[in-house]
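The structure appears below as structure tokens.
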Amino acid sequence: MAKDMTLLWGSGSPPCWRVQLMLEEKQLQGYNQKRLCFYKMEHKSQEVLDMNPRGQLPAFKCGNYILNESYAACFFLENQYKSQGNKLIPDSPEAQALMYQRMFEVLTLGQKMCMFTLMCITTKSIWLLFCEARQ
Ligand SMILES: N[C@@H](CCC(=O)N[C@@H](CS)C(=O)NCC(=O)O)C(=O)O
């Protein structure tokens, strides 16, 4: 059954790890997978664009069913393989709400880290331009 699945992923990518971990937790080893290199812009290759027009990784396919959001792929796998491997969505409303809270916290943290990185890059660029102008 996992032979019907394909995961295109890139190293160092937390959304890709998310789907890889989920596949392991659900004991779905043996799926087709391909590691692509961000530096070589392989995530913008036709192979990826055919699966994910946004040109982002992970790109996940189960049969002909394509999912490109890592959390969506995780929910799909949990629901499709409920009784297989580890159960990852708790039943109680409290525990489930806590799970969603952690999910959204991670997303918010990711956004803040991106903003911070962007700010550092911009500040450094402005500083370099300033130094150049003074010479
Ligand atoms: N919300 C997406 C995010 C996917 C994403 O941003 N992937 C990054 C790697 S971590 C990517 O492919 N970046 C390349 C790009 O945006 O061009 C998910 O969770 O699957």
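A short reminder: the numbers here are calculations on the coordinates, not readings from a lab. Given the structure is predicted, the values throughout are model-derived calculations rather than measurements. Positions of Cβ are generated from backbone atoms using ideal geometry, with glycine treated the same way; all protein chains shown enter the neighbour counts.
Axis of helix 93-134 versus longest Cα principal axis of the chain: the two differ by about 20°, to the nearest ten degrees. Each residue, Leu107 and Leu21, gets one label point 7 Å from its Cα in the Cβ direction; the gap between the two is 1.7 nm.
For a paramagnetic label modelled at 7 Å from the Cα of Ala72 toward its Cβ, which residues of segment 24-54 fall within the zone defined by backbone nitrogen distances under 13 Å? Backbone N within reach: 51-54.
Along the charge dipole of the chain, pointing to its positive end and built from +1/-1 on Cβ of Lys, Arg, Asp and Glu, which listed residue (Ser11, Ser125, His43) has its Cα farthest out? Of the candidates, Ser125 comes out farthest on the positive side. Volume per residue of the convex hull around the Cα atoms, evaluated for the chain, comes out as 122 Å³.
Taking amide H as placed 1.01 Å from N in the peptide plane, the amide H of Gly10 sits under 5 Å from that of Leu36, each at least 5 places away or on another chain. Only Lys, Arg, Asp and Glu carry charge here, each on its Cβ (+1 for the first two, -1 for the last two); on that basis the chain has a dipole of about 340 debye about its Cα centre. Karplus-derived 3J(HN,Hα) values for segment 45-62, using 6.51 cos²θ - 1.76 cosθ + 1.60 with θ = phi - 60°, are 6, 4, 4, 6, 4, 4, 8, 9, x, 6, x, 10, 10, x, 10, 10, 9, 10 Hz; glycine and proline are entered as x. Taken along the Cα-to-beta-carbon direction at a fixed 7 Å, the label points for Met41 and Ile126 span 3.0 nm.
The alpha-carbon of Lys112 sits under 23 angstrom from the alpha-carbons of these lysines, leaving out residues fewer than 8 places away in its chain: Lys124. For Lys87, the lysines whose Cα comes closer than 20 Å to its Cα, not counting residues fewer than 8 places off in the same chain, are Lys26.
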